[in-house]
Amino acid sequence: MSESNTLRAAMHAGDFDLLEQALADAYAAYRQQPGRQTCDQISRLYRQLTEAAQDRDLEAVEAWLASRPDSGWAHAVAGLLHTDIARETRGASTSGGVSEQDWAQIRKHYDLAEPLLRRSMALGVPAGRQLEALMQRQQVIGQQTEAERLFGELREVDPQWYGGWRAMQAIKEPRWGGSVPEMQALLDEARSGLQDPQSVTDLEASHHWWVGSYAYSFREDSEQALQHYQQALSFAATPPVVGQIHHYRALALRDLDRLAEATDAWRAAVAADPDAEYFYELARSLVKQEKLDEAEQFFRVAIDKGGTYGYWSARYLAYDLGQGDDGFRCDPLEAIRLYEVANQLARGTAQQIPCLVATAYLLRSTEAHGDRPRAAELFRQAYGLGDLRAMVILGDMQREGEIEGGATAAFESYQLAAEQEDSLAQERLGFCLLEGQGCEPSIEAGRLWLEKAGMQGSQAALRWLVQDAFSRGDRTRTEILLWQACSKQDAYMAGYTLARGLIEGWFGAPDLTRADEVLSLFLTQHDHADSKILTAITRYPHYRGGWDTIKPALKALKSWQGNDARMDLATKYVLRQLPGSYFGYLLWARPEKLTPPPPPPDMWCGG
């Protein structure tokens, strides 16, 4: 049994004697030969213990503390457990990318960690790892002065603790409020203060890595970053440091479109340190070079290693095999198996949702091996983890007869998600009420739910509301709804309809100026013939031919199905009917293939 599995088994069994002896032995080795290697051994041991504790939702550590209230080891592990949870919650995003909810959790766990870590030091546990963790807390919350005070404390009680120097180096980095000269001054202190040559060498390497990363991430100077990474490699000796530097070299090379060199750098990274992240990035790089067999091999290595990048490797490969994407073979059964592996790796987190949903889609659509009842169960699990859209899809399956339940069950599924503000569920529920599918019909209730869906951008809901208002003669409401639709995504048809209405006076007197504003705001990115015709009309107010004169020209354009000669004839036909060289420019300045026009505007409001 591996050391990690032995410790995990002891943690779960409550064999605290074994755990405390393992820690005591690791510290004895550190006292005998303080340096990078023994420091890392202690940090790795703590990490294995905190990971084992998280398996049982902290119960094992709580039992350890309860049974041995004066154990410094128990207090140290408990404090570091809360520190690890806080750091994992913080992640690698910039501070602005962390939600308020996550910040609350970060503060909570750091607040729980500090008294436990202080208590462990008071009970006689060597202070290096605990002070390092407290320094990292100050880095996260942006208190450099307090971090420096803690570093001064560490230099008094445990000056050879490499992790503390490494943490201070990160705090002095420019992105955290320090500067390159401050980093250099710290490195000079390490050269004179640390006894272990390997610790100094690794700090030299990490110094250049930090400077290179600053150039890469914040100054966006990949060339300068590569120079510093190369200097870092000249100092790096320990495999993890070498692997990390090669990884960042590869990222910079990829940004410079030097893909073959980036791939070689990731090969060097995995040779130095077989970390799952490096295998994942190497595999992705090989996919871009169409070396698919080798890419699949490395994805599978990362999957076997598990963790975050094992999860992402399983998802990446599952997607490609499920869709036959990126040149991979189409193998839905293997894709399903890989999604299930990813789901297990993400157990207990929201990252399960995309795995459950993707598996369910494959089970729903794979005719030869489909299993729709199982797909429905996976959608239910995804809903249980917070995916409202999964309940909508379940309702679709019930309504379409793919699983038992029918229209009544579908209505209940839609209602469940709609009441939690899912826009598609609100849209589905509104149409069910209008048509009496699975419920008593109700125009008023249906309209209410469609209005809620429309407020969230549902174009289908807004289209029905526009048609409803227009048919009732409420032109003001029609115009308001069209403007609302134009503010949402995929608003081409709404913008086109609104412009036509303003030109033809659907909402009152014709208003070519406002119509031109609509076309400029919402249709400039589209190269459809009818939007160009409307633009020509609004910019030539003297033209009074009206829509009836335009319609034959538009019909001729719509008849085009990709025949360039035919399109030329249609264009000339339009030009003969409409004056102005500007319109000619609009129509002739088209891409090589003019996109066929959209459906007529009566799809929106019956005009």
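Taking 0.36 nm per residue of sequence separation and removing the Cα-Cα distance, the Gln195/Glu340 pair yields an extension gain of 47.3 nm.
Computed from backbone phi, the HN-Hα couplings of segment 13-27 come to 7, x, 8, 6, 4, 4, 5, 5, 5, 4, 5, 4, 5, 5, 6 Hz, rounded to whole numbers (Karplus: 6.51 cos²θ - 1.76 cosθ + 1.60, θ = phi - 60°; Gly and Pro given as x). Summing Lys and Arg as +1 and Asp and Glu as -1 over all other residues whose Cβ lies under 13 Å from the Cβ of Gln227 gives a net charge of 0. A simple spin-label model places pseudo-atoms 7 Å from Cα toward Cβ; at Phe218 and Ala185 they are separated by 1.7 nm. Does segment 237-348 classify as rounded, prolate or oblate by the C-alpha gyration tensor (a ≥ b ≥ c root eigenvalues; a/c under 1.5 gives rounded; else a/b over b/c gives prolate, otherwise oblate)? Because a/c hits 1.5 or more and a/b fails to exceed b/c, segment 237-348 counts as oblate.
Determine, from the Cβ-Cβ distance of Arg31 and Asn5 and an R0 of 22 Å, the FRET efficiency 1/(1 + (r/R0)^6), rounded to the nearest 0.05.
Using R0 = 22 Å, I get an efficiency of 0.20.
Measuring only protein heavy atoms, the 1.4 Å probe finds Val157 accessible over about 90 Å². From a point 7 Å beyond the Cα of Asp331 in the direction of its Cβ, which residues of segment 269-293 have a backbone N at a distance under 17 Å? Under 17 Å, as judged by backbone N against the label point of Asp331, lie 283-284, 287, 291-293 of segment 269-293. For Lys172, the aspartates and glutamates whose Cα comes closer than 16 Å to its Cα, not counting residues fewer than 8 places off in the same chain, are Glu132, Glu146, Glu148, Glu182, Asp188, Glu189, Glu204. Taken along the Cα-to-beta-carbon direction at a fixed 7 Å, the label points for Ala66 and Ser99 span 3.1 nm. Between Glu153 and Met455, residue separation times 0.36 nm minus the direct Cα-Cα distance comes to 103.0 nm. Each residue, Arg380 and Ile443, gets one label point 7 Å from its Cα in the Cβ direction; the gap between the two is 3.9 nm. Averaging the sequence gap over all C-alpha pairs within less than 8 Å and six or more residues apart, then dividing by the number of residues, gives segment 14-101 a relative contact order of 26 percent. Given their separation in residues at 0.36 nm each and the Cα-Cα distance between them, Ile141 and Glu400 gain 88.0 nm when the chain is fully extended.
The values are calculated or read from the model by the stated rules, or taken from the named source; none is laboratory data. Model, not experiment: these values are computed from the prediction. Positions of Cβ are backbone-derived with ideal geometry, glycine not excepted, and every protein chain shown enters the neighbour counts. Remember, those area values only see protein heavy atoms, side chains included, never the ligands or the DNA or RNA. Shrake-Rupley method; radii C 1.70, N 1.55, O 1.52, S 1.80 Å.
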